[in-house]
Amino acid sequence: MKRIKLKGRGVYQDYDGLKEDVFFESTTENGMTTNHIYYEIDGKGYGYTLEFANDLNEAEYQGRKVKLGKIMQGDVKKFKVYVKNKGIQTKNVGMNSFEYKLDEKVDETKLLDLVKKLNDDPNVHGILCQLPLPKHLNEDMIINTIKPDKDVDGFHISNVGLLNTGQKSMVPCTPLGCLMLLREFVGNLEGKKATVIGRSNIVGKPMSQLLIEESCTVTVVHSKTKEIEKVCSQADIIVAAVGIPELVKGDWVKKDAIVIDVGINKTDKGIVGDVAFDEVSKVAKALTPVPGGVGPMTIACLLKNTIECFKRSQKK
Ligand code: GUN
């Protein structure tokens, strides 16, 4: 098998003028040679973080610094790489980013008091409570205590309601990042068949809602779906957000489909996504690598949402 990189990361511009890595695979199977070109959609390559950072400078220009309060429970080391990157990136672009590290066994009242304190602090513009929370805490209640106007994750029930009724809302960072990549790469999504794998509140459900708004025909599949691979194999677009290493195989994917891999799974062979990259790259037209595809977009969208919350606070 030959895998030839045509141009370097983020410099190839021939596909609708966009920045992608392009690979050419020449595979010999049963004596037949098949040639396939696919694109790696590079989340960093789009430079959204920098774009949003420029927006931040504008916001700072009004004399106030954007402040994000991040609440984490338990051993911070156990959080995945992207969680650490959230902290690094927010600081890199000049945000005032505060981490409140609480004990894993933290008392619910103590956590709620902290959320309320941040809600009431006019110098705090965004609040993020890292999920999942330890089992003894009521996740819904805690999320719904965050002021909707400071809800940078878009998880508060009123933001969820706004999104699901097609109204302006804070949009959860990861699905928003996926949508931006799809819009960049595909352009108009109208009429596309999209399959979302996973039905979480963080990715699967808001992703399906965003794709419906784009006039896609959306199917959500999950652990109880029958013949999941058959459903996937009809899709023009697959978004895999299920947390199972390399679940999506080559024969689940229609030729020239676009595949967005949200998974970040730690395995013996390192970090892998929900998509079996080597197999799927032989059939898909484009897919996102792990790491480097969706992850940087989640962080970029966190900056975008925090700046949005800041701007809203200035209008009051
Ligand atoms: N856990 C996994 N993804 C996310 C996210 O986007 N926001 C929060 N708060 N927790 C998460």
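The values are calculated or read from the model by the stated rules, or taken from the named source; none is laboratory data. Fair warning: this is a prediction, and the values are worked out from it, not measured in the lab. Neighbour counts run over all protein chains shown; Cβ positions are idealised from the backbone, glycine included.
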Revision key, fill the gap. How many residues of segment 257-316 are closer than 17 Å to HIS125 by Cβ and in contact with a Gly (Cβ under 6 Å, 6 or more places away or on another chain)? The answer is 3
Revision key, fill the gap. Here the residues within segment 170-189 that are within 16 Å of the ligand (Cβ to nearest atom) and surrounded by fewer than 20 Cβ atoms within 10 Å (Cβ to Cβ) are MET180
Practice item. Hey, can you tell me all the residues within segment 267-289 that are surrounded by fewer than 21 Cβ atoms within 10 Å (Cβ to Cβ) and within 16 Å of the ligand (Cβ to nearest atom)? Key: ILE271
Exercise for review: Return yes when ASN92 is over 16 Å from LEU302 (Cβ atoms), away from the ligand (no atom under 12 Å from the Cβ) and among the polar types (S, T, N, Q) and no when it is not.
Suggested key: no
Exercise for review: Please work out if ILE157 is touching a Cys at 6+ places or on another chain (Cβ under 9 Å), without any contact (Cβ under 8 Å) to a residue 24 or more places away in the chain and closer than 17 Å to PRO206 by Cα.
Suggested key: no
Practice item. Please identify the pairs in which a residue from segment 287-316 that is without any contact (Cβ under 8 Å) to a residue 40 or more places away in the chain has its Cβ atom under 9 Å from the Cβ atom of a residue that is outside any loop (DSSP other than H, G, I, E, B), counting only partners at least 6 apart or on another chain. Key: VAL290/ASP261; VAL290/ASN265; VAL290/ILE271; VAL290/VAL272; VAL290/VAL275; VAL290/PHE277; LYS316/ASP149
Review point. Which pairs do you get when a residue that is near the ligand (Cβ under 10 Å from one of its atoms), found in segment 114-136, comes within reach of a residue that is of a type outside the set (Val, Ile, Thr), reach meaning Cβ atoms under 6 angstrom, with the pair 6+ apart or on two chains?
Key: ILE127/GLY69; ILE127/LEU118; ILE127/LYS150; LEU128/LYS70; LEU128/ASP153; GLN130/MET72; LEU133/GLU139
**Study point:** Selection count where residues are in a helix (DSSP H, G or I) and either among the acidic types (Asp, Glu) or in contact with a helix residue (DSSP H, G or I) (Cβ under 8 Å, 6 or more places away or on another chain) (or both), scope segment 206-227
**Key:** 6
Review point. Is there a residue in segment 248-261 that is surrounded by fewer than 17 Cβ atoms within 10 Å (Cβ to Cβ), at pLDDT 95 or above and within 16 Å of the ligand (Cβ to nearest atom)?
Key: no
Exercise for review: Considering only segment 270-286, state which residues are more than 19 Å from GLU229 (Cα to Cα) and either in contact (Cβ under 8 Å) with a residue 40 or more places away in the chain or part of a helix (DSSP H, G or I) (or both).
Suggested key: ILE271
